[in-house]
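Colleague: There's a structure below that I have some questions on.
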Amino acid sequence: MNIFAGVEITFLPDLAVWLRWAFAVLLLVCFIWTTQHVFKRLADKRAARRVSIGLLNLLVFGCIVLLVSEIDRTRSKIVAATLLTSGTNIEHVLANHSGDTKTFVLSAALSSKHHTQKLRLPDNWHVINQPEQLVIALDDLQKLTIMGDGLNGSQLRDLQALARSKFQQPVAIAFIPSEIRAGLIDMKWHNQLAIGQRQQVSGKLQLSDANQGLVNLSLVDPAGAVLSSQTLTANAPFKFSFIAKASGRWIYNLVLTDAQSNQLISREPLAFQVSQPTPPSVAIYQSAPSFETRHFKNWATAFDTAMTIVTQISQSKFITQYVNTSSDPETSDSLHQNNPSSQADWVQSDVIIMDGRAWLSLSSAQQQKLQQHVEQGAGLLLMADRQLMNAAAETGLFRSSGSEDSVGAWLDFDVRADEGRAVQTSSKMAGQGIQSEKAIPYLAAQIKVPKAGDKFDILVWNQENAPMIVSQKKGLGQVAVSLISHSYEWQLSGEETFYSQFWQRLIYNIAPAQSLPYWLSPQDNEISLTNHAQKVCAIANVDTDIHSHYINPAQQKIPLKLSAELFDKGKMCSRFWPLQNAWYELRVSDDKGTDKLSLYSYSQRHWQAWQQQRKHQATLAQAKQQITLIPKSQTQALSKLPIWLLFLALMSVLWIERKFYS
């Protein structure tokens with residue numbers, strides 16, 4: 001190893017070049033004169049002594065040259081740092097610490113259960129509250145080694161964005177993960193619910209290598225009553241389900257205990273808000289009276305749903321019923337001979353329900369008007385029947401696979417009669433989180449969906465997993481096609497709960513979004529943590545004056561500035577930073593209305609296994625990204641203390657030789 005590699009010596013760097021040469025010549029003259037004097041003084045001494053004293057004088061002059069020079073060392077290396085996050089065993093890191101790398105410690109890492117005593121950190125370690133602070137503190141950084149649980153996706157994005165801005169390149173990540181914690185992971189539940197909706201809680205059990213036995217998991221309501229329990233093994237999935245029956249802010253708990261010792265492993269809060277939404281207005285247009293409509297009207301009336309029901313009772317006569325309308329709170333009927341399909345009182349409703357014959361009775365202009373209404377935000381439910389199936393090719397409603405005549409079809413899926421069966425057949429039905437016990441008749445047809453996803457949603461399926469109700473997004477609205485027209489049989493057979501859940505889910509999925517502005521609910525697999533930034537977004541008219549703020553636990557109103565998203569028109573977002581483990585209320589308003597959203601901020605002690613899992617996944621994904629590292633040249637001034645010590649030692653030897661041995 002060449003210790004002098006990259007060393008650069010600059011003689012008298014602060015002086016002009018001609019002065020440097022002048023001093024160099026002066027030193028050379030002094031050295032020659034001194035050497036001559038030494039050899040003259042020691043002429044009668046042994047040659048070895050004269051040579052030794054001459055070499056000592058040469059070293060002295062060399063020290064003088066170095067002391068008045070600037071000595072730098074240039075090295076090419078990767079600029080690196082280390083970040084210790086929560087879950088790091090800092091005592092172990094200290095025992096193996098070399099001191100060469102700049103080290104930063106997140107304050108959350110100092111409260112880890114690994115630390116049995118108060119830690120004394122080296123002076124060159126820096127405690128920070130947020131990962132971005134290390135980028136601010138460093139002049140350059142190419143590689144960051146993260147130890148412990150790691151960072152979540154938001155923290156990594158913020159860190160890399162700041163690194164690109166300051167260093168003109170992202171930072172390469174190396175990750176040394178912490179040991180797996182026992183607890184619940186892959187959690188998912190609804191943060192926002194309406195009364196009558198079903199809350200579905202799902203996740204998976206993760207156990208450490210040291211504990212692979214059976215555990216009990218219990219769902220406990222706010223009153224402390226156990227609603228349901230399951231016995232799980234490592235990596236076993238679980239699901240809980242219950243109906244939200246009352247509005248308000250609720251905190252349930254998932255309690256995990258050892259099956260043998262009953263020792264508590266974890267107790268995790270599960271917070272959500274239940275609201276009482278204003279039901280959407282419904283218009284029903286049917287080609288004949290039906291039991292389905294009668295039972296639906298009775299059910300919807302209990303929820304104060306405003307309804308307009310148009311029924312054809314003969315070839316030229318129609319009867320219109322108004323339920324819970326502003327003009328007449330009671331039910332009123334009117335008999336008329338004109339086809340009311342062009343009347344604004346039902347075409348402008350939030351949800352329109354009609355059977356196939358009713359759709360076919362509309363003129364092309366009326367169908368186009370209804371399609372425009374849907375694409376502006378309304379929901380349409382078509383109850384398929386044989387007449388609609390037989391006329392499907394002529395209507396241009398469905399896109400028949402392989403048919404060139406249906407290229408301009410309004411819907412991108414196909415509904416065709418099942419020729420191998422009778423007109424009707426029976427089956428039990430299921431939806432997301434609901435399952436019927438009674439089999440009911442449905443139209444013997446097939447709904448062929450290209451692929452479920454963002455564009456299509458299968459709402460209900462039979463026991464053979466064939467789609468029974470499929471919805472498609474059209475503009476700002478939704479269109480659903482149903483093969484079920486006998487759902488009232490669930491109510492008659494005692495399955496009132498399933499009947500209510502069926503229609504609640506169906507109306508909820510096709511009803512238009514609430515009026516602007518409104519908050520977007522957090523994703524079902526996202527939670528807000530104290531001292532962590534949370535992105536919150538609202539849908540609003542960007543051309544109006546939007547005001548937003550949040551109310552903290554002390555009932556203080558804190559401004560919240562919303563900024564329009566660049567590539568998502570109408571979406572406005574902000575960063576919300578909760579400081580306490582408590583409920584927060586967010587509000588957004590314009591000159592037309594106000595919307596509120598309740599968010600619960602969890603402590604960083606909550607959901608530690610889940611937090612660890614998400615951080616591990618995000619940090620490992622970042623570490624897998626290939627970033628080319630080019631070593632950078634770094635110049636460092638070398639200390640002159642050894643040269644001073646050598647100079648003093650040489651001068652002392654020369655003084656002693658002259659004083660005592662001349």
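Colleague: When the chain is fully extended, how far beyond the present Cα-Cα distance does LEU121 get from LEU94, taking 0.36 nm per residue of separation?
Modeller: 8.9 nm
Colleague: Please report, largest first and rounded to whole Å, the three semi-axes of the ellipsoid equivalent to segment 561-662, where each semi-axis is the square root of five times an eigenvalue of the C-alpha gyration tensor.
Modeller: Whole-Å semi-axes of the equivalent ellipsoid: 68, 20, 20.
Colleague: Using alpha carbon coordinates only, what is the Rg to Rh ratio of segment 183-286, with Rh defined as the Kirkwood radius? All intermediate terms of the calculation are to be shown ahead of the outcome.
Modeller: Details: Rg = 17.0 Å, Rh = 15.2 Å.
My calculation puts Rg/Rh at 1.12.
Colleague: For the chain, what is the convex hull volume of the alpha-carbon atoms per residue, in Å³?
Modeller: Cα-based convex hull of the chain, divided per residue, equals 280 Å³.
Colleague: Next question, about the same structure. How do the peptides 574-586, 78-90 rank, highest first, by the average count of neighbouring beta carbon atoms within 10 Å per residue?
Modeller: Working: 574-586: 16.8, 78-90: 20.7.
So the peptides 574-586, 78-90, ranked by packing, come out 78-90, 574-586.
Colleague: Would you tell me the accessible area of MET651, worked out with a 1.4 angstrom probe on the heavy atoms of the protein chains, in Å² to the nearest 10?
Modeller: We get 80 Å² for MET651.
Colleague: Suppose R0 equals 45 Å. What FRET efficiency, 1/(1 + (r/R0)^6) with r the Cβ-Cβ distance, do TYR661 and VAL25 give to the nearest 0.05?
Modeller: Computed FRET efficiency for TYR661 and VAL25: 0.90.
Colleague: Moving to a separate point now. Using the crude model of +1 on Lys and Arg Cβ and -1 on Asp and Glu Cβ, and no other charge, please compute the dipole size for segment 430-517 relative to its Cα centre, in debye to 20. Intermediate values should be presented prior to the final figure.
Modeller: Details: 7 positive and 7 negative charges, 95 e Å.
Charge dipole of segment 430-517: 460 debye, to the nearest 20.
Colleague: Go through the cysteines of the chain and tell me which have no other cysteine Cβ under 4.7 Å away.
Modeller: CYS30, CYS63
Colleague: Next up: Given a Förster distance of 41 angstrom, what is the FRET efficiency for ARG386 paired with ALA246, based on the Cβ-Cβ distance and rounded to 0.05? Working shown, then result.
Modeller: Numbers: r = 44 Å, r/R0 = 1.07.
Efficiency, from the Cβ-Cβ distance: 0.40.
Colleague: Testing the spin-label approximation: label points 7 Å from Cα along Cα→Cβ at ASP418 and ARG46. State their distance in nm.
Modeller: Here the modelled spin labels are 11.6 nm apart.
Colleague: Highest mean first, how do 138-149, 228-239 rank when packing is the count of other Cβ atoms within 10 Å averaged over residues?
Modeller: Working: 138-149: 20.0, 228-239: 13.7.
Top to bottom by mean Cβ count within 10 Å: 138-149, 228-239.
Colleague: What helices in the chain pass both tests, a Cα length along the helix axis of 18 Å or more and a mean Kyte hydropathy of 1.0 or higher, using whole DSSP H runs?
Modeller: Length and hydropathy pass: 17-41, 47-67, 641-660.
Colleague: Can you compute the modelled spin-label distance between ALA259 and LYS369, with each label point 7 Å from Cα toward Cβ, in nm?
Modeller: It is 6.5 nm.
Colleague: Still on this structure, please answer the following. Of the accessible area of the chain, with the probe set at 1.4 angstrom, what percent is carbon plus sulfur?
Modeller: Answer for the chain: carbon and sulfur cover 52 percent of the accessible area.
Colleague: When the Debye formula is applied to the Cα atoms of segment 451-537, each taken as the same point scatterer, what base-10 log of I(q)/I(0) results at q = 0.12, 0.24 Å⁻¹?
Modeller: The Cα Debye sum returns log10 ratios of -0.55, -1.25.
Colleague: Also: Given R₀ = 56 Å, what would the calculated FRET efficiency be for SER361 paired with SER228, taking r from the Cβ atoms and rounding to 0.05? If you can, show how the numbers build up before the last one.
Modeller: Details: r = 49 Å, r/R0 = 0.88.
With R0 = 56 Å, the Cβ-Cβ based efficiency is 0.70.
Colleague: A further question follows. For the residue pair VAL7 and ASN298, what label-to-label distance in nm results when each label sits 7 Å from Cα along the Cα-to-beta-carbon direction?
Modeller: Once both label points are built, they end up 10.0 nm from each other.
Colleague: Where only protein heavy atoms count, and the probe is 1.4 Å, what is the accessible area per residue for the chain in Å²?
Modeller: On the way: 35470 Å² over 662 residues.
Averaged over the residues of the chain, the accessible area is 54 Å².
Colleague: Further question on the same structure: Return the Rg/Rh ratio of segment 438-499 with Cα-based radii and a Kirkwood Rh.
Modeller: Looking at segment 438-499, the ratio lands at 1.02.
Colleague: Just subtract the alpha-carbon distance of GLN432 and LYS592 from 0.36 nm times their residue separation and send over the number in nm, one decimal.
Modeller: 54.1 nm
Colleague: Going toward the positive end of the dipole of the chain, with +1 on Lys and Arg Cβ and -1 on Asp and Glu Cβ, which of SER314, ILE558, ALA47 do you reach last?
Modeller: ALA47
Colleague: Tell me, in nm to one decimal, what length is gained between ALA582 and SER202 on full extension, where the rule is 0.36 nm per residue of separation less the Cα-Cα distance? Kindly include the intermediate steps, with their values, before the conclusion.
Modeller: Working: separation 380, 0.36 × 380 = 136.80 nm, distance 2.32 nm.
Extra length available between ALA582 and SER202 comes to 134.5 nm.
The values are calculated or read from the model by the stated rules, or taken from the named source; none is laboratory data. If you're wondering where the values come from, they're calculated on a predicted model, not measured in any experiment. So basically every Cβ, Gly included, is an ideal-geometry build from the backbone, and we count neighbours across all protein chains shown. With ligands, DNA and RNA removed, areas are computed over all heavy atoms of the protein, side chains included. Shrake-Rupley method; radii C 1.70, N 1.55, O 1.52, S 1.80 Å.
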